[in-house]
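Colleague: After the C-alpha cells below, expect a handful of questions from me.
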Amino acid sequence: MMPSEISEYDFEKGEVLVFDKPLNWTSFDLVHKVRLIICKNLNIKKLKVGHAGTLDPRATGILVLCTGKATSKIETLQADEKEYIATLKFGATTPSFDLESSEDAQYETAHISKDLLVEVLKNFIGTIMQVPPEYSAVKINGKRAYDYARKGIAVEIKSKVLEIKEIEVLSFDLPEVKLRVVCGKGTYIRALARDIGVAVNSGAYLTGLRRTRVGDFDLSQAIGLDLFLRKE
C-alpha cells in the first residue's frame, strides 16, 4: 500500500514514485511540480528528481519518477517493457501523428476490415525498424527534431531498431480502432500508428494514448497526484 502522506516518504535517501500523468502535462511538468512541492513542504533546498521514460503531453498513464539516490535506477527502469492502450483514427493523417496538429490528408477506409488489420499487425510484432516522428525529442545536430518541425524545416531522421512484443485489437469501429501494445524501450506509438496506416493502404494517427504498465508497475500502484497538489 502506498503512503498517504508526503512525510511518510524518504525522498533524499531515494524513492521510486509511480504517477498517472494527467493529459496535456509534459513529463518535465510533473517532475518540476513534484520536486517543488516536496522541497517546499519538507524544507529541502535541493532534491534530485527524474523520470524513467518520457510520455507525450497528449498521453496519460504511468510515469515513474525517482528521487534522491534512487535516480541511479532511472536507466534500468527506462529499459523495462511497457504497455499502452492506443486509440487510432484511420482515414486521415496529421504532421505530428497525433492531435497536436490538424489533419493534413484523408484516405479511403472502406477496404479495411478487422481481419485485414489483424493480419497486417502480425508484421509489426518482433524486432522492427522505426523512423521516429518529426515531432519528437530525438536530437539532430544538437537540436530536438520538434524544433525543426515546428519551424517547417525538413530534416532526415534515422530509423532505429526496436521490439514490439504484442499487439491486440481491443475494439474495431472504423474510423476508430483501439489497440493494446506491449513493447520495448524507445518505441514511438505515434510512429507505429503512422506505419500501420500505411500498411493497410490508408492513413492513421493517434487520438488517444494511455500507458498502463512500465515493467512491474501498473496503474493500480499509481499515487494520486492530488497527494502532492493539495500540499501546494
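Please treat every number below as a calculation from the coordinates, not as lab data. Being a predicted model, the structure only gives us computed values, none of them experimental. A quick note on method: Cβ atoms are made from the backbone with ideal geometry, for glycine too, and the neighbour counts reach across all protein chains shown.
Colleague: Ala105 to Asp173: extension gain in nm, 0.36 nm per residue of separation minus the Cα-Cα distance?
Modeller: Extra length available between Ala105 and Asp173 comes to 22.4 nm.
Colleague: State the answer as a single residue: which of Val214, Leu179, Cys66 lies farthest towards the positive end of the charge dipole of the chain, with beta carbon charges of +1 for Lys and Arg and -1 for Asp and Glu, about the Cα centre.
Modeller: Cys66
Colleague: Order 56-64, 195-203, 39-47 from most to least packed using the mean count of other Cβ atoms within 10 Å.
Modeller: Top to bottom by mean Cβ count within 10 Å: 56-64, 195-203, 39-47.
Colleague: Now for a different question. Between Glu12 and Asp216, how many nm apart are label points set 7 Å from Cα along the C-beta direction?
Modeller: Output for this residue pair reads 2.8 nm.
Colleague: Something else about it: Taking the Cα atoms of the stretch 160-232 alone, what are Rg (to one decimal) and Dmax (as a whole number) in Å?
Modeller: 15.7, 51
Colleague: Taking R0 as 41 Å, what FRET efficiency do you get between Arg144 and Val118 from their Cβ-Cβ distance, rounded to the nearest 0.05?
Modeller: After rounding to 0.05, the efficiency reads 0.70.
Colleague: In whole Hz, what ³J(HN,Hα) sequence does the stretch 61-77 give by Karplus (6.51, -1.76, 1.60; θ = phi - 60°), x for Gly and Pro?
Modeller: Residue by residue, the stretch 61-77 yields x, 4, 10, 8, 10, 10, 10, x, 5, 6, 5, 5, 8, 4, 4, 5, 5 Hz.
Colleague: Among Ser96, Ser101, which comes first, second and so on when ranked by fewest other beta-carbon atoms within 10 Å?
Modeller: Ascending number of Cβ neighbours within 10 Å: Ser101, Ser96.
Colleague: Roughly how far apart, in whole Å, are the Cα centres of the stretch 27-61 and the stretch 146-201?
Modeller: That distance is 27 Å.
Colleague: With +1 on each Lys and Arg Cβ and -1 on each Asp and Glu Cβ, and nothing else charged, work out how big the dipole of the stretch 82-214 is about its Cα centre, in Debye to the nearest 20.
Modeller: Here the stretch 82-214 has a charge dipole of around 720 debye.
Colleague: While we're on this one: Run the Debye formula on the Cα coordinates of the stretch 4-109, all scatterers equal and no solvent, and tell me log10 I(q)/I(0) at q = 0.12, 0.13, 0.23 1/Å.
Modeller: So the normalised log intensities are -0.52, -0.58, -1.24.
Colleague: Can you list the equivalent-ellipsoid semi-axes of the stretch 54-125, largest first and in whole Å, using the square root of 5 times each Cα gyration tensor eigenvalue?
Modeller: Whole-Å semi-axes of the equivalent ellipsoid: 34, 18, 9.
Colleague: Turning to a different aspect of this structure: Can you give the helix-only mean residue ellipticity at 222 nm for the chain, where every DSSP H stretch with n ≥ 4 adds -39500 (n - 2.57) and the sum goes over all residues, rounded to the nearest 500 deg cm²/dmol?
Modeller: It lands at -6000 deg cm²/dmol.
Colleague: While we're on this one: Counting other beta carbons within 10 Å of each Cβ, put Asp104, Asp218, Asp98 in order, fewest first.
Modeller: Ascending Cβ contact count within 10 Å gives the list Asp104, Asp218, Asp98.
Colleague: For Leu55, enumerate residues with amide H under 5 Å from its amide H, sequence gap 5+ or separate chain, H modeled in the peptide plane.
Modeller: It is Ser27, by chain and number.
Colleague: Then there is this: To the nearest whole percent, what portion of all C-alpha pairs in the stretch 83-128 is separated by more than 16 angstrom?
Modeller: 56 percent
Colleague: Using only Cα atoms, what Kirkwood radius does the chain have, in angstroms?
Modeller: 18.9 Å
Colleague: Also, quick follow-up: Per q in 0.14, 0.22 Å⁻¹, report the Debye log10 I(q)/I(0) for the stretch 125-175, using one uniform scatterer on each alpha carbon and no solvent.
Modeller: -0.54, -0.80
Colleague: Here's something else I'd like to know. Which loop-located GluC sites (Glu not before Pro) does the stretch 151-189 contain, where loop means any DSSP state but H, G, I, E or B and the Cβ has at most 13 other Cβ atoms within 10 Å?
Modeller: When the GluC sites (Glu not before Pro) of the stretch 151-189 are filtered for loop state and at most 13 Cβ neighbours within 10 Å, Glu156 remain.
Colleague: If you keep only loop residues by DSSP, which trypsin sites (Lys or Arg not before Pro) in the stretch 125-172 have at most 12 other Cβ atoms within 10 Å of their Cβ?
Modeller: Answer by residue number: Lys151, Lys158.
Colleague: While we're on this one: Averaged over all directions, how much area does the convex hull of the C-alpha atoms of the stretch 82-214 cover when projected, in nm²?
Modeller: 7.8 nm²
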